[in-house]
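Working notes, beginning with the structure itself.
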Amino acid sequence: MSDFDFDTLAVRAGQVRSQFGEHGEAIYLSSSFVFENAAQAAARFSGEAPGMVYARFTNPTVNMLQERLAALEGGERCVATASGMSAILATVMALMQAGDHIVASRSIFGATQQLFSNIIGKFAVATTFVDATNLDAYRASLTPKTKLIFVETPSNPLTEIVDIAGLAQIAKDAGVLLVVDNCFCTPALQKPLELGADIVIHSATKYLDGQGRVLGGAVVGNDALMDEVFKYLRTAGPTLSPFNAWVILKGVETLRIRMDAQSAAALELARWLEAQPQVARVHYPGLESHPQHALAMRQQKSGGAIVSFEVKGGRDAAWRVVDSTKVISITANLGDTKTTITHPASTTHGRISAEARAASGITEGLLRIAVGLESVEDLKADLQRGLGG
Ligand SMILES: *Cc1c(COP(=O)(O)O)cnc(C)c1O
């Protein structure tokens, strides 16, 4: 279906109907599948014949989601996983071995940092963390052992932008893989594979589902790389459940519409925040004041739905804004139709040292909002109360 437009792929790619001709995608809640005879069983197990075997590595509902996500990202193949973290784990375990080296942006999801430092690190795979926006820093950190570069763009919570095409060239020249966590933009706003990345990672828990219902993850890339990721999943088993795959399939059908609406609302809210006297600074790639606005608008369709801002008066003033909300949910989750607010310095980034936090720009006055689908006027009023304007 790759000749079709994004909107058509989002609702139709990958669907396979059973003998009953169901219009919606079916959920196949079956852990195993039966064979017509011994020869068919043997051919399916060896991979010579296509078809279902066992739900740790084959399930029709999960397959439909994999086909759809591969089509939307413009990749040859997708492997779905139980969560975003297991997508990253599967990629690293499948493609790396002891002695290999990762170069990662410093501004990546906290659990990803922990995974690289404390878990993968135990198996003699070292990671060097570099400034997200400095291409020379990535280049300078490459060694003959480097196997992959891992980034997230825009970053959380400061919305730093990594130049994907520029970094892809550096990766290609060095013969290493570029892996992009595309969680914040989704393929509705940004297509890393088209910009030269080798692998795209998703936490489907966020915008792909979009309604805060299930955990899920995905890895997308070429057949050869995804075959390795699939072999890891088949053996190790961090598999997506068919029910969660079905929920995410339904979420993906409205992905582009939600991303456009939530991005437009985020831009409006960011402009409004920038005009508030109690706000010292707004971090949003869609604003002209963002230091990488031009780059963001080159590689993204819009600024996305995450807005961070710094209130004057430090932690007390920031907590007052959080505690005065009546509509916005106080939670660190994001990617939902319901707007969320979080104080990174005391939650998501609370376990890192105060010096490291300050060095990375996570100040005590910083707040992060993941804009949902409520009325922007209601969101402004909700924030206005705590800003005391
Ligand atoms: C949430 C998140 C993850 C982890 O996904 P889970 O589904 O929670 O395991 C990875 N990367 C980013 C950018 C995220 O926001």
### Message
Every residue in region 102-127 that is more than 16 Å from the ligand (Cβ to nearest atom), within 24 Å of A140 (Cβ to Cβ) and surrounded by fewer than 19 Cβ atoms within 10 Å (Cβ to Cβ), please.
### Response
G121, A124, A126
### Task
Please work out which one of (1) part of a loop (DSSP other than H, G, I, E, B); (2) basic (K, R); (3) under 27 Å from D131 (Cβ atoms) is the condition R368 fails and give its number.
(1)
### Query
Which residue out of P144, P157 is without any contact (Cβ under 8 Å) to a residue 24 or more places away in the chain and part of a loop (DSSP other than H, G, I, E, B)?
P144
### Message
Any residue at all in region 221-237 that's within 24 Å of P285 (Cβ to Cβ) and either at pLDDT 95 or above or within 14 Å of the ligand (Cβ to nearest atom) (or both)?
### Response
no
### Query
Taking region 10-38 on its own, how many of its residues are more than 29 Å from the chain's Cα centre (by Cα) and of a type in the set (S, T, Y)?
2
### Task
Starting from region 266-278, take each residue that is more than 17 Å from E374 (Cβ to Cβ) and list its partners that are modelled with pLDDT of 95 or more and outside any helix (DSSP H, G or I), counting only C-beta distances under 6 angstrom and pairs at least six apart or across chains.
E274/V282; Q278/V311; Q278/K312
### Message
Considering only residues that are part of a helix (DSSP H, G or I) and surrounded by fewer than 17 Cβ atoms within 10 Å (Cβ to Cβ), which ones fall in region 229-247?
### Response
K231, R234, T235, A236, F243
#### Entry: Qualifying positions in region 160-201 - without any contact (Cβ under 8 Å) to a residue 24 or more places away in the chain and in a loop (DSSP other than H, G, I, E, B)
G175
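The values are calculated or read from the model by the stated rules, or taken from the named source; none is laboratory data. Remember, predicted model here, so these are calculated numbers, not experimental data. Note that each Cβ is placed from the backbone with ideal geometry, even for glycine, and that neighbours are counted across all protein chains shown.
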